[in-house]
Every structure is written in C-alpha cells, then in structure tokens.
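Novice: I'd like to ask you about the structure that follows.
No lab work stands behind these numbers, since they all come straight from the coordinates. Since the structure is predicted, the reported quantities are computational estimates derived from the model, not experimental observations. Because the Cβ atoms are built from the backbone with ideal geometry, glycine has one as well, and the counts that use them run over all protein chains shown.
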Amino acid sequence: MMVPFRAARDLLMSIPGLGPMAAAQVIGEIGTTPQEFFATAANLASWAGTCPGNHESAGKRRSGRRRHGNQHLQPVLVEAAWSAVRHPGYLRSLYHRHVMQNGGYRSPVAKKKAIVTVAHAMIVIIWHVLATGKPYHELGEDYFTTRKDPEKEAQRLIAKLEALGHKVTVELAPA
C-alpha cells in the first residue's frame, strides 16, 4: 500500500529515528504534502500536540501543559524521538541540553520533557522535509557548542571571571 508514497517514505527515513514503519504511520496521518493543510511547521506541531504549553499571566510564567493533539501521531513521534536520541547528531544534543535544563538525568520528568522537545523538533523537520522534497541535513552533534561566535564567547567568559573577582589577561596561544 506504500508503493505510491515510496519517495515520501524514503525522504522521511533520512531523519534519524524514523524507520519504514514510523514513516508510513506519519504519512498515514499527515499525508505527503503537509503544506496543503498546515501553513507552517508550527501549525503541524500544534495539531500533533507536541508544542510546549504556555500559561502566562501578569508577566509570570506558570506551568503549562501541552495540548492533547493527534492521539495516533504523538506516540509514533515520541517512540521515534527515543530512537533518535540514541544516534549521535543534532537531536541527541538537543535531548541532552533539555534534560540538563529541566533537572538532569536523575529526573524522569526531565527526560520526558526533553523527549517531547525532540518529538517537536522531529515534526518540524518532517514538515520541512516533505514541503521541500529534500532529505534531512544533519546539523551535527556539536551544533549548540560551535554555533556561537568565538570572540563573543571569550568576552562572556572573561566578564564572568571578572564578576567573580579575578583579574584576567588574555594572550593568544601560539599556533
């Protein structure tokens, strides 16, 4: 039954964590041309129920639950996200970053929140892959560490040390 959709399935299989069965389930739920039904990737993520909750009142951010979303697509995305974080790459570093932000690896809640974040990233990637017709381009495991400007990062670290009461002199290392 997937013969007419083989090209779209192969495109989706270029995303880490998505195998042939998961790709078929995603195509079954959103189709091969998601841009016809969802104007942006954010609309698709909201419909799937992977967007973070937002509850803010009087400038105070409170705990917000994510929406329920599509009950057939969400488990597939979460399962694919668990698979994706076991491969080195952007999605793994995104998972690690969010686990550490939410409480560390000893916290089951932090792991679950981070997996939903990875599932959200995956549905956004899925929308872009299907909308453009181009396979997934891996950003790399060091995406979050190397994307910063080295000069800006050095100035930030120097300012942090000076705020702690240290005197800092900077010399370039010999090449």
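Novice: To the nearest 20 Debye, how big is the dipole of the chain about its Cα centre, given +1 on the beta carbon of each Lys and Arg and -1 on that of each Asp and Glu?
Specialist: Numbers: 22 positive and 13 negative charges, 156 e Å.
Magnitude of the dipole: close to 740 debye.
Novice: Among 56, 171, which comes first, then next, by fewest other beta-carbon atoms within 10 Å? Before the final figure, lay out the partial values.
Specialist: On the way: 56 9, 171 5.
By the 10 Å Cβ count, ascending, the order reads 171, 56.
Novice: Return the Rg/Rh ratio of segment 105-157 with Cα-based radii and a Kirkwood Rh. Spell out each step's value before the answer.
Specialist: Details: Rg = 15.7 Å, Rh = 13.9 Å.
With Rg and the Kirkwood Rh in hand, the quotient comes to 1.13.
Novice: On to the next question. Within the chain, which whole H helices from DSSP have a Cα span along their axis of at least 18 Å and a mean Kyte-Doolittle hydropathy of -1.0 or more, if any? Intermediate values should be presented prior to the final figure.
Specialist: Working: long enough: 108-132 (36 Å, 1.27); 150-163 (20 Å, -0.74).
Qualifying helices, which must be both long enough and hydrophobic enough, are 108-132, 150-163.
Novice: Further, regarding this structure: Counting only residues 5 or more places away or on other chains, whose amide H sits under 5 Å from the amide H of residue 70 once H atoms are built in the peptide plane?
Specialist: It is 48, 49, by chain and number.
Novice: Using only the Cα atoms of segment 11-83, what do you get for the radius of gyration and for Dmax, in Å?
Specialist: 14.3, 47
Novice: While we're here: For the charge dipole of the chain, defined by +1 on Lys and Arg C-beta atoms and -1 on Asp and Glu C-beta atoms about the Cα centroid, which residue among 164, 44, 27 has the Cα displaced farthest towards the positive pole?
Specialist: Of 164, 44, 27, it is 164.
Novice: Assuming R0 = 41 Å, what is the FRET efficiency of residue 87 and residue 167, from their Cβ-Cβ distance, to the nearest 0.05? Write out the running numbers ahead of the final one.
Specialist: Numbers: r = 45 Å, r/R0 = 1.09.
So the FRET efficiency works out to roughly 0.40.
Novice: Could you list the chymotrypsin sites (Phe, Trp or Tyr not before Pro) in segment 73-175 that lie in coil according to DSSP, counting only those with at most 11 other Cβ atoms within 10 Å of their Cβ?
Specialist: Details: sites: 82, 90, 95, 105, 127, 136, 143, 144; in loops: 105, 136.
In loop regions of segment 73-175 (DSSP not H, G, I, E or B), the sparsely surrounded chymotrypsin sites (Phe, Trp or Tyr not before Pro) are 105.
Novice: How long are the semi-axes of the equivalent ellipsoid of the chain, defined as square roots of 5 times the Cα gyration tensor eigenvalues? Whole Å, largest first. Intermediate values should be presented prior to the final figure.
Specialist: Working: eigenvalues 261, 92, 44 Å².
Semi-axes (√(5λ), whole Å): 36, 21, 15.
Novice: Still on this structure: Kindly rank 66-72, 164-170, 6-12, 148-154 from highest to lowest mean number of other beta carbons found within 10 Å of each residue. Present the calculation step by step, with values, prior to reporting the outcome.
Specialist: Numbers: 66-72: 13.1, 164-170: 7.3, 6-12: 17.1, 148-154: 9.4.
My ranking of the peptides, most packed first, is 6-12, 66-72, 148-154, 164-170.
Novice: Something else about it: Kindly state, to the nearest 0.05, the FRET efficiency for residue 65 paired with residue 128, given R0 = 30 Å and r defined as their beta-carbon distance. Walk me through the numbers on the way to the answer.
Specialist: Values: r = 26 Å, r/R0 = 0.88.
For residue 65 and residue 128, the calculated efficiency is 0.70.
Novice: Separate question: For the chain, what is the calculated [θ] at 222 nm in deg cm²/dmol (nearest 500), taking -39500 (n - 2.57) for each run of four or more DSSP H residues and dividing by its residue count?
Specialist: Details: 8 runs with 93 residues, N = 175.
Estimated from H runs of four or more residues: -16500 deg cm²/dmol.
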